[in-house]
Amino acid sequence: MATHLLLRNGATCWLLRNCISQRATLNRCLHVTSSLDKTVSFNLSDIGEGIREVTVKEWFVKVGDTVEQFDNLCEVQSDKASVTITSRYDGKITKIHHKIDEIALVGKPLLDFDVVNEEEDEAEDSSSTSTTSDSSASENEEKQSAEACATPTGGRVIIPATPSVRRLAKEHQLDLAKVPATGKNGRVLKGDVLEFLGHVPPGTNVPHPTVVAKTPSGAPPAAANVSVPADRVEVLKGVRKAMLKSMTESLKIPHFAYSDEIDMTQLMQFRNQLQAVAKESGVPKLTFMPFCIKAASIALSKYPIVNSSLDLASESLIYKGVHNISVAIDTPQGLVVPNIKNCQTKTIIEIARDLNALVERGRTASLSPADFADGTFSLSNIGVIGGTYTHPCIMAPQVAIGAMGRTKAVPRFNDKDEVVKAYVMSVSWSADHRVIDGVTMASFSNVWKQYLENPALFLLH
(Lines give C-alpha, C1' and ligand atoms only; values in the text may rest on other atoms or scores of the structure.)
Protein backbone atom coordinates (compact mmCIF):
# COMPACT_ATOMS: atom_id res chain seq x y z
CA MET A 1 0.00 0.00 0.00
CA ALA A 2 2.82 2.40 0.89
CA THR A 3 4.62 1.56 -2.33
CA HIS A 4 1.46 2.26 -4.35
CA LEU A 5 1.03 5.71 -2.75
CA LEU A 6 4.67 6.58 -3.36
CA LEU A 7 4.39 5.70 -7.05
CA ARG A 8 1.17 7.73 -7.43
CA ASN A 9 2.72 10.81 -5.75
CA GLY A 10 5.82 10.51 -7.92
CA ALA A 11 3.72 10.41 -11.09
CA THR A 12 1.78 13.45 -9.94
CA CYS A 13 4.98 15.44 -9.33
CA TRP A 14 6.29 14.46 -12.77
CA LEU A 15 3.08 15.67 -14.45
CA LEU A 16 3.15 18.97 -12.55
CA ARG A 17 6.76 19.63 -13.51
CA ASN A 18 6.02 18.98 -17.20
CA CYS A 19 2.92 21.21 -17.21
CA ILE A 20 4.79 24.07 -15.57
CA SER A 21 7.68 23.71 -18.03
CA GLN A 22 5.36 23.67 -21.06
CA ARG A 23 3.42 26.69 -19.75
CA ALA A 24 6.64 28.66 -19.31
CA THR A 25 7.64 27.76 -22.88
CA LEU A 26 4.27 28.95 -24.20
CA ASN A 27 4.58 32.22 -22.27
CA ARG A 28 7.93 32.86 -23.90
CA CYS A 29 6.61 32.15 -27.41
CA LEU A 30 3.31 34.07 -27.24
CA HIS A 31 3.07 37.71 -28.37
CA VAL A 32 0.18 39.81 -27.12
CA THR A 33 0.82 42.85 -29.35
CA SER A 34 -2.00 43.72 -31.73
CA SER A 35 0.36 44.22 -34.67
CA LEU A 36 4.00 43.43 -35.43
CA ASP A 37 4.21 46.25 -37.98
CA LYS A 38 6.18 49.06 -36.29
CA THR A 39 6.21 51.48 -39.24
CA VAL A 40 4.36 54.76 -38.58
CA SER A 41 3.83 57.82 -40.75
CA PHE A 42 5.02 61.21 -39.47
CA ASN A 43 2.41 63.74 -40.61
CA LEU A 44 3.07 67.46 -40.99
CA SER A 45 1.26 69.10 -38.08
CA ASP A 46 -0.54 72.43 -38.17
CA ILE A 47 1.98 75.26 -37.68
CA GLY A 48 -0.66 77.95 -37.20
CA GLU A 49 -1.87 81.07 -39.04
CA GLY A 50 -4.14 78.95 -41.25
CA ILE A 51 -1.16 77.66 -43.24
CA ARG A 52 -2.17 74.63 -45.30
CA GLU A 53 1.01 73.99 -47.30
CA VAL A 54 4.76 74.53 -46.99
CA THR A 55 7.83 74.13 -49.18
CA VAL A 56 10.52 71.68 -48.05
CA LYS A 57 13.77 73.67 -48.05
CA GLU A 58 16.24 71.21 -46.51
CA TRP A 59 16.41 67.67 -45.13
CA PHE A 60 18.68 67.04 -42.15
CA VAL A 61 18.17 63.24 -42.39
CA LYS A 62 18.04 60.54 -45.06
CA VAL A 63 16.51 57.07 -45.44
CA GLY A 64 18.22 54.64 -43.07
CA ASP A 65 19.17 57.25 -40.44
CA THR A 66 18.30 56.54 -36.81
CA VAL A 67 16.84 59.52 -34.95
CA GLU A 68 15.57 60.28 -31.48
CA GLN A 69 12.74 62.44 -30.22
CA PHE A 70 13.23 66.19 -30.81
CA ASP A 71 16.00 65.63 -33.40
CA ASN A 72 15.75 68.03 -36.36
CA LEU A 73 14.21 66.37 -39.42
CA CYS A 74 13.79 69.14 -41.97
CA GLU A 75 13.28 72.84 -42.52
CA VAL A 76 10.13 74.04 -44.27
CA GLN A 77 9.21 77.47 -45.64
CA SER A 78 5.65 78.70 -45.29
CA ASP A 79 4.18 81.83 -46.80
CA LYS A 80 5.50 83.81 -43.85
CA ALA A 81 8.38 82.10 -42.06
CA SER A 82 10.82 79.20 -41.90
CA VAL A 83 10.04 76.42 -39.40
CA THR A 84 12.27 73.54 -38.29
CA ILE A 85 10.35 70.25 -37.93
CA THR A 86 11.52 67.91 -35.13
CA SER A 87 10.91 64.20 -34.56
CA ARG A 88 8.19 62.85 -32.29
CA TYR A 89 9.56 59.29 -32.38
CA ASP A 90 12.67 57.26 -31.69
CA GLY A 91 13.41 55.02 -34.62
CA LYS A 92 14.77 54.51 -38.11
CA ILE A 93 13.65 56.46 -41.17
CA THR A 94 12.32 54.16 -43.89
CA LYS A 95 10.85 56.61 -46.42
CA ILE A 96 10.93 60.34 -47.23
CA HIS A 97 7.82 61.51 -49.07
CA HIS A 98 9.03 64.88 -50.43
CA LYS A 99 12.12 66.13 -52.19
CA ILE A 100 13.66 69.56 -51.63
CA ASP A 101 11.50 72.43 -53.02
CA GLU A 102 8.42 70.20 -53.21
CA ILE A 103 5.12 71.23 -51.59
CA ALA A 104 4.08 69.40 -48.40
CA LEU A 105 0.49 69.58 -47.16
CA VAL A 106 -0.53 69.92 -43.51
CA GLY A 107 -1.85 66.61 -42.18
CA LYS A 108 -0.14 64.54 -44.88
CA PRO A 109 2.93 62.29 -44.31
CA LEU A 110 6.39 63.83 -44.41
CA LEU A 111 8.26 60.59 -43.79
CA ASP A 112 7.86 57.06 -42.39
CA PHE A 113 9.49 55.69 -39.23
CA ASP A 114 10.36 52.18 -38.11
CA VAL A 115 9.78 53.03 -34.45
CA VAL A 116 11.83 51.54 -31.63
CA ASN A 117 10.12 48.84 -29.50
CA GLU A 118 9.60 50.28 -26.04
CA GLU A 119 9.99 46.85 -24.36
CA GLU A 120 13.37 46.37 -26.05
CA ASP A 121 14.41 49.83 -24.91
CA GLU A 122 13.50 48.99 -21.33
CA ALA A 123 15.48 45.73 -21.50
CA GLU A 124 18.51 47.52 -22.91
CA ASP A 125 18.28 50.25 -20.28
CA SER A 126 18.06 47.74 -17.44
CA SER A 127 20.92 45.58 -18.79
CA SER A 128 23.45 48.37 -19.36
CA THR A 129 23.86 51.41 -17.16
CA SER A 130 26.93 52.49 -19.08
CA THR A 131 24.86 52.98 -22.24
CA THR A 132 22.51 55.27 -20.32
CA SER A 133 25.45 57.26 -19.03
CA ASP A 134 26.90 57.59 -22.52
CA SER A 135 23.55 58.71 -23.99
CA SER A 136 23.04 61.33 -21.27
CA ALA A 137 26.55 62.64 -21.87
CA SER A 138 25.80 62.75 -25.60
CA GLU A 139 22.62 64.74 -24.93
CA ASN A 140 24.60 67.23 -22.83
CA GLU A 141 27.13 67.63 -25.64
CA GLU A 142 24.29 68.12 -28.14
CA LYS A 143 22.76 70.85 -25.97
CA GLN A 144 26.14 72.57 -25.67
CA SER A 145 26.68 72.44 -29.42
CA ALA A 146 23.14 73.81 -30.01
CA GLU A 147 23.90 76.67 -27.63
CA ALA A 148 27.19 77.29 -29.41
CA CYS A 149 25.36 77.60 -32.73
CA ALA A 150 22.87 80.10 -31.35
CA THR A 151 23.18 83.67 -32.50
CA PRO A 152 23.26 86.53 -29.95
CA THR A 153 19.61 87.28 -30.66
CA GLY A 154 18.40 83.70 -30.16
CA GLY A 155 18.28 82.63 -33.83
CA ARG A 156 20.12 79.45 -34.86
CA VAL A 157 22.63 79.09 -37.67
CA ILE A 158 22.08 75.61 -39.13
CA ILE A 159 25.16 74.08 -40.76
CA PRO A 160 24.08 71.59 -43.48
CA ALA A 161 25.44 68.15 -42.54
CA THR A 162 24.22 64.58 -42.13
CA PRO A 163 23.69 63.06 -38.65
CA SER A 164 26.80 60.89 -39.04
CA VAL A 165 28.93 63.96 -39.74
CA ARG A 166 27.41 65.76 -36.74
CA ARG A 167 28.13 62.70 -34.59
CA LEU A 168 31.77 62.68 -35.77
CA ALA A 169 32.08 66.38 -34.98
CA LYS A 170 30.62 65.86 -31.49
CA GLU A 171 33.08 63.05 -30.79
CA HIS A 172 35.96 65.45 -31.47
CA GLN A 173 34.19 68.46 -29.84
CA LEU A 174 34.37 70.30 -33.15
CA ASP A 175 32.24 73.28 -34.23
CA LEU A 176 30.97 72.55 -37.75
CA ALA A 177 30.78 76.28 -38.49
CA LYS A 178 34.60 76.34 -38.51
CA VAL A 179 34.96 73.48 -41.01
CA PRO A 180 35.37 74.55 -44.68
CA ALA A 181 32.54 72.87 -46.61
CA THR A 182 33.02 71.24 -50.01
CA GLY A 183 29.60 69.59 -50.42
CA LYS A 184 26.69 70.76 -52.56
CA ASN A 185 25.40 74.19 -51.52
CA GLY A 186 27.87 74.39 -48.65
CA ARG A 187 27.13 71.02 -47.00
CA VAL A 188 29.84 69.77 -44.63
CA LEU A 189 30.96 66.24 -45.59
CA LYS A 190 32.71 63.57 -43.52
CA GLY A 191 35.88 64.10 -45.55
CA ASP A 192 35.79 67.82 -44.67
CA VAL A 193 35.81 66.99 -40.95
CA LEU A 194 38.61 64.43 -41.35
CA GLU A 195 40.67 66.89 -43.39
CA PHE A 196 40.08 69.63 -40.80
CA LEU A 197 41.25 67.25 -38.03
CA GLY A 198 44.34 66.32 -40.06
CA HIS A 199 43.35 62.67 -40.54
CA VAL A 200 43.60 62.97 -44.35
CA PRO A 201 45.99 65.08 -46.47
CA PRO A 202 44.86 68.61 -47.43
CA GLY A 203 43.15 68.84 -50.80
CA THR A 204 41.73 65.33 -50.64
CA ASN A 205 38.14 66.58 -51.00
CA VAL A 206 37.21 68.12 -54.35
CA PRO A 207 34.76 71.05 -53.90
CA HIS A 208 31.32 70.71 -55.46
CA PRO A 209 30.64 72.93 -58.52
CA THR A 210 28.16 74.97 -56.44
CA VAL A 211 31.01 75.93 -54.09
CA VAL A 212 33.80 76.60 -56.58
CA ALA A 213 33.36 77.34 -60.28
CA LYS A 214 34.60 74.66 -62.66
CA THR A 215 36.56 77.12 -64.84
CA PRO A 216 40.15 77.63 -63.50
CA SER A 217 41.04 81.18 -62.53
CA GLY A 218 43.99 81.19 -64.95
CA ALA A 219 42.03 80.00 -67.96
CA PRO A 220 41.73 82.49 -70.80
CA PRO A 221 38.32 84.12 -71.21
CA ALA A 222 36.06 82.54 -73.82
CA ALA A 223 35.32 84.43 -76.97
CA ALA A 224 32.30 86.67 -76.78
CA ASN A 225 29.25 84.88 -78.14
CA VAL A 226 26.42 87.25 -78.90
CA SER A 227 23.17 85.41 -78.32
CA VAL A 228 19.68 86.19 -77.12
CA PRO A 229 19.13 85.04 -73.49
CA ALA A 230 16.46 82.38 -73.12
CA ASP A 231 13.31 83.02 -71.10
CA ARG A 232 13.14 81.52 -67.64
CA VAL A 233 10.04 80.28 -65.80
CA GLU A 234 10.08 80.41 -62.01
CA VAL A 235 7.31 79.02 -59.81
CA LEU A 236 6.30 81.44 -57.07
CA LYS A 237 7.32 80.23 -53.62
CA GLY A 238 7.71 81.51 -50.08
CA VAL A 239 7.45 85.28 -49.68
CA ARG A 240 6.59 85.92 -53.34
CA LYS A 241 3.73 83.45 -53.18
CA ALA A 242 2.46 85.10 -50.00
CA MET A 243 2.70 88.50 -51.71
CA LEU A 244 0.59 87.20 -54.60
CA LYS A 245 -2.19 86.17 -52.21
CA SER A 246 -2.08 89.21 -49.91
CA MET A 247 -1.88 91.81 -52.69
CA THR A 248 -4.70 90.13 -54.61
CA GLU A 249 -6.87 90.57 -51.51
CA SER A 250 -5.53 94.10 -51.00
CA LEU A 251 -6.64 95.28 -54.44
CA LYS A 252 -10.22 94.36 -53.56
CA ILE A 253 -10.16 97.19 -50.98
CA PRO A 254 -11.18 100.70 -52.17
CA HIS A 255 -8.10 102.73 -51.18
CA PHE A 256 -7.92 106.45 -50.71
CA ALA A 257 -4.66 108.33 -50.13
CA TYR A 258 -3.64 111.20 -47.88
CA SER A 259 -0.16 112.78 -47.73
CA ASP A 260 1.59 115.33 -45.55
CA GLU A 261 5.03 116.67 -44.58
CA ILE A 262 6.59 116.44 -41.11
CA ASP A 263 9.24 118.83 -39.77
CA MET A 264 11.70 116.46 -38.08
CA THR A 265 14.17 119.14 -36.91
CA GLN A 266 13.26 119.02 -33.20
CA LEU A 267 12.96 115.23 -33.24
CA MET A 268 16.50 114.94 -34.63
CA GLN A 269 17.83 116.95 -31.69
CA PHE A 270 15.67 115.01 -29.21
CA ARG A 271 16.88 111.68 -30.61
CA ASN A 272 20.53 112.74 -30.40
CA GLN A 273 20.04 113.55 -26.72
CA LEU A 274 18.65 110.05 -26.10
CA GLN A 275 21.35 108.11 -27.98
CA ALA A 276 23.57 107.58 -24.92
CA VAL A 277 20.64 106.42 -22.77
CA ALA A 278 19.43 104.13 -25.54
CA LYS A 279 22.85 102.51 -25.84
CA GLU A 280 22.89 101.80 -22.10
CA SER A 281 19.43 100.20 -22.49
CA GLY A 282 20.57 97.79 -25.19
CA VAL A 283 19.75 99.86 -28.30
CA PRO A 284 23.02 100.49 -30.19
CA LYS A 285 21.45 102.99 -32.60
CA LEU A 286 18.16 104.80 -32.01
CA THR A 287 16.36 105.53 -35.29
CA PHE A 288 13.24 107.53 -36.10
CA MET A 289 11.12 104.40 -36.50
CA PRO A 290 10.42 103.76 -32.76
CA PHE A 291 9.18 107.36 -32.45
CA CYS A 292 6.92 106.93 -35.49
CA ILE A 293 5.52 103.67 -34.05
CA LYS A 294 4.84 105.20 -30.63
CA ALA A 295 3.25 108.30 -32.19
CA ALA A 296 1.01 106.01 -34.28
CA SER A 297 -0.04 104.12 -31.13
CA ILE A 298 -1.00 107.40 -29.42
CA ALA A 299 -3.00 108.48 -32.47
CA LEU A 300 -4.72 105.06 -32.62
CA SER A 301 -5.89 105.57 -29.03
CA LYS A 302 -7.64 108.79 -30.11
CA TYR A 303 -9.01 107.35 -33.36
CA PRO A 304 -9.66 103.64 -32.64
CA ILE A 305 -11.48 103.09 -35.94
CA VAL A 306 -8.06 103.19 -37.65
CA ASN A 307 -7.09 100.23 -35.46
CA SER A 308 -10.09 98.12 -36.49
CA SER A 309 -10.81 95.36 -39.00
CA LEU A 310 -13.81 94.83 -41.26
CA ASP A 311 -15.92 91.66 -41.09
CA LEU A 312 -17.73 91.55 -44.43
CA ALA A 313 -19.77 88.47 -43.55
CA SER A 314 -21.57 90.21 -40.69
CA GLU A 315 -21.04 93.76 -42.04
CA SER A 316 -19.48 94.84 -38.75
CA LEU A 317 -16.32 96.47 -37.44
CA ILE A 318 -14.01 94.80 -34.91
CA TYR A 319 -12.22 97.39 -32.77
CA LYS A 320 -8.89 95.96 -31.65
CA GLY A 321 -7.94 96.50 -28.01
CA VAL A 322 -4.18 96.11 -28.57
CA HIS A 323 -1.88 98.02 -30.90
CA ASN A 324 0.12 95.35 -32.75
CA ILE A 325 1.84 97.56 -35.30
CA SER A 326 3.23 95.75 -38.35
CA VAL A 327 6.55 96.94 -39.76
CA ALA A 328 7.86 96.18 -43.26
CA ILE A 329 11.37 94.64 -43.11
CA ASP A 330 13.62 93.92 -46.09
CA THR A 331 15.21 90.45 -45.71
CA PRO A 332 17.24 88.17 -48.00
CA GLN A 333 14.01 86.17 -48.55
CA GLY A 334 12.07 89.30 -49.56
CA LEU A 335 9.90 91.92 -47.86
CA VAL A 336 8.17 90.59 -44.73
CA VAL A 337 5.80 92.36 -42.34
CA PRO A 338 6.03 91.10 -38.72
CA ASN A 339 4.51 93.17 -35.92
CA ILE A 340 5.49 94.63 -32.55
CA LYS A 341 3.00 93.54 -29.90
CA ASN A 342 1.21 95.82 -27.41
CA CYS A 343 2.79 99.12 -28.47
CA GLN A 344 0.23 100.99 -26.36
CA THR A 345 1.96 99.80 -23.16
CA LYS A 346 5.61 100.14 -24.26
CA THR A 347 8.09 102.99 -24.12
CA ILE A 348 10.09 104.19 -27.10
CA ILE A 349 13.18 102.29 -25.87
CA GLU A 350 11.19 99.05 -25.45
CA ILE A 351 9.74 99.45 -28.96
CA ALA A 352 13.26 100.05 -30.32
CA ARG A 353 14.53 96.83 -28.68
CA ASP A 354 11.63 94.80 -30.10
CA LEU A 355 12.15 96.33 -33.55
CA ASN A 356 15.87 95.48 -33.56
CA ALA A 357 15.06 91.90 -32.52
CA LEU A 358 12.57 91.52 -35.40
CA VAL A 359 15.07 92.91 -37.91
CA GLU A 360 17.78 90.52 -36.72
CA ARG A 361 15.47 87.51 -36.86
CA GLY A 362 14.39 88.56 -40.34
CA ARG A 363 18.00 88.66 -41.53
CA THR A 364 18.69 85.19 -40.15
CA ALA A 365 15.39 83.76 -41.50
CA SER A 366 14.28 82.83 -37.98
CA LEU A 367 10.98 84.71 -37.80
CA SER A 368 8.18 82.52 -36.44
CA PRO A 369 4.48 82.52 -37.39
CA ALA A 370 3.72 84.24 -34.06
CA ASP A 371 5.74 87.27 -35.24
CA PHE A 372 3.22 87.81 -38.07
CA ALA A 373 0.02 87.03 -36.18
CA ASP A 374 -2.68 89.54 -35.13
CA GLY A 375 -1.32 92.74 -36.72
CA THR A 376 -3.74 95.68 -36.38
CA PHE A 377 -2.01 98.59 -38.19
CA SER A 378 0.99 98.91 -40.52
CA LEU A 379 3.92 101.29 -41.08
CA SER A 380 6.54 101.12 -43.82
CA ASN A 381 9.75 103.14 -44.03
CA ILE A 382 10.59 103.53 -47.71
CA GLY A 383 12.96 106.37 -46.83
CA VAL A 384 15.79 103.96 -46.05
CA ILE A 385 15.74 102.96 -49.74
CA GLY A 386 14.88 106.37 -51.21
CA GLY A 387 11.90 108.28 -52.49
CA THR A 388 9.41 110.60 -50.88
CA TYR A 389 5.75 109.84 -51.61
CA THR A 390 4.18 106.48 -52.35
CA HIS A 391 0.79 104.76 -52.38
CA PRO A 392 1.03 101.86 -49.87
CA CYS A 393 -1.33 98.89 -50.13
CA ILE A 394 -3.46 97.94 -47.12
CA MET A 395 -2.87 94.50 -45.63
CA ALA A 396 -6.29 92.89 -45.18
CA PRO A 397 -8.06 92.67 -42.76
CA GLN A 398 -6.44 95.91 -41.54
CA VAL A 399 -8.01 99.20 -42.66
CA ALA A 400 -5.04 101.60 -42.85
CA ILE A 401 -1.31 101.80 -43.52
CA GLY A 402 1.33 104.54 -43.51
CA ALA A 403 4.63 104.91 -45.41
CA MET A 404 7.39 107.37 -44.47
CA GLY A 405 9.66 108.83 -47.13
CA ARG A 406 13.22 110.07 -46.98
CA THR A 407 14.06 112.87 -44.54
CA LYS A 408 15.91 115.65 -46.37
CA ALA A 409 17.21 119.12 -45.57
CA VAL A 410 15.19 121.89 -47.25
CA PRO A 411 14.84 125.67 -46.79
CA ARG A 412 11.81 126.78 -44.78
CA PHE A 413 10.45 130.01 -43.35
CA ASN A 414 10.33 130.26 -39.56
CA ASP A 415 7.92 132.36 -37.45
CA LYS A 416 9.97 135.47 -38.19
CA ASP A 417 9.87 134.92 -41.96
CA GLU A 418 13.54 133.97 -41.93
CA VAL A 419 14.82 131.23 -44.20
CA VAL A 420 16.17 128.39 -42.07
CA LYS A 421 17.40 124.87 -42.65
CA ALA A 422 14.74 122.28 -41.81
CA TYR A 423 14.66 118.49 -41.97
CA VAL A 424 11.39 117.44 -43.61
CA MET A 425 9.95 113.95 -43.96
CA SER A 426 7.01 113.07 -46.20
CA VAL A 427 4.33 110.59 -45.18
CA SER A 428 1.70 108.80 -47.28
CA TRP A 429 -1.40 107.18 -45.77
CA SER A 430 -3.79 104.71 -47.38
CA ALA A 431 -7.14 103.88 -45.78
CA ASP A 432 -10.12 101.64 -46.52
CA HIS A 433 -12.76 104.08 -47.79
CA ARG A 434 -15.54 101.65 -46.86
CA VAL A 435 -14.73 102.33 -43.21
CA ILE A 436 -12.62 105.49 -42.87
CA ASP A 437 -13.43 108.89 -44.35
CA GLY A 438 -10.97 111.61 -45.29
CA VAL A 439 -11.59 113.75 -42.21
CA THR A 440 -10.81 110.87 -39.86
CA MET A 441 -7.58 109.98 -41.66
CA ALA A 442 -6.44 113.62 -41.77
CA SER A 443 -7.19 114.05 -38.05
CA PHE A 444 -5.27 110.87 -37.23
CA SER A 445 -2.31 112.13 -39.30
CA ASN A 446 -2.37 115.49 -37.50
CA VAL A 447 -2.06 113.84 -34.07
CA TRP A 448 0.79 111.67 -35.34
CA LYS A 449 2.47 114.76 -36.84
CA GLN A 450 2.04 116.76 -33.63
CA TYR A 451 4.04 114.29 -31.55
CA LEU A 452 6.85 113.99 -34.08
CA GLU A 453 7.21 117.76 -34.47
CA ASN A 454 6.99 118.30 -30.67
CA PRO A 455 8.82 115.27 -29.23
CA ALA A 456 8.59 116.58 -25.65
CA LEU A 457 4.95 115.42 -25.73
CA PHE A 458 6.21 111.82 -25.61
CA LEU A 459 7.10 112.43 -21.96
CA LEU A 460 3.36 112.41 -21.21
CA HIS A 461 3.06 108.75 -22.31
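The values are calculated or read from the model by the stated rules, or taken from the named source; none is laboratory data. None of these values were measured; they are calculated from a predicted model. Here the Cβ positions follow ideal geometry from the backbone for every residue, glycine too, while neighbour counts run over all protein chains shown. Accessible surface is based on the protein model in full, side chains and every heavy atom, while ligands, DNA and RNA are left aside. Shrake-Rupley method; radii C 1.70, N 1.55, O 1.52, S 1.80 Å.
Heavy atoms only, probe 1.4 Å: what % of the accessible area of the stretch 39-114 goes to carbon and sulfur, would you let me know?
Numbers: 1740 of 3600 Å².
Heavy-atom surface of the stretch 39-114 belonging to carbon and sulfur, 1.4 Å probe: 48 percent.
Taking only protein heavy atoms and a 1.4 Å probe, the accessible area of the stretch 249-460 is 54% carbon and sulfur. With the simple spin-label model, which puts each label point 7 Å out from Cα in the Cβ direction, the Q273 to V384 separation comes to 2.6 nm.
Cα centroid separation, the stretch 327-406 to the stretch 225-282: 8 Å. Taking Cβ atoms as reference points and 12 Å as the exclusive limit, the residues near K57 contribute a net charge of -2, counting Lys and Arg as +1 and Asp and Glu as -1.
Projected over all directions and averaged, the alpha-carbon convex hull of the stretch 294-396 occupies 7.6 nm². Positive contributions from Lys and Arg (+1) and negative ones from Asp and Glu (-1), summed over other residues with Cβ under 10 Å from the Cβ of L286, come out at +3. Decide, for the stretch 249-460, between rounded, prolate and oblate: order the square roots of the alpha carbon gyration tensor eigenvalues as a ≥ b ≥ c, take rounded if a/c falls under 1.5, and otherwise choose prolate if a/b is larger than b/c, else oblate. Oblate, since a/c reaches 1.5 and b/c is not below a/b.
For H255, H433, write out the residues from largest to smallest accessible area, computed with a 1.4 angstrom probe and no ligands counted. If you can, show how the numbers build up before the last one.
Numbers: H255 50, H433 100 Å².
In descending accessible area the options line up as H433, H255.
Packing-wise, with mean Cβ within 10 Å as the measure, how do 435-445, 395-405 rank, highest first? Please list the in-between numbers first.
Numbers: 435-445: 16.5, 395-405: 22.3.
Most protected by this proxy first, the peptides run 395-405, 435-445.
Just in the stretch 345-441: which chymotrypsin sites (Phe, Trp or Tyr not before Pro) are loop by DSSP and have at most 15 other Cβ atoms within 10 Å? Here the sparse-neighbourhood loop sites are Y389.
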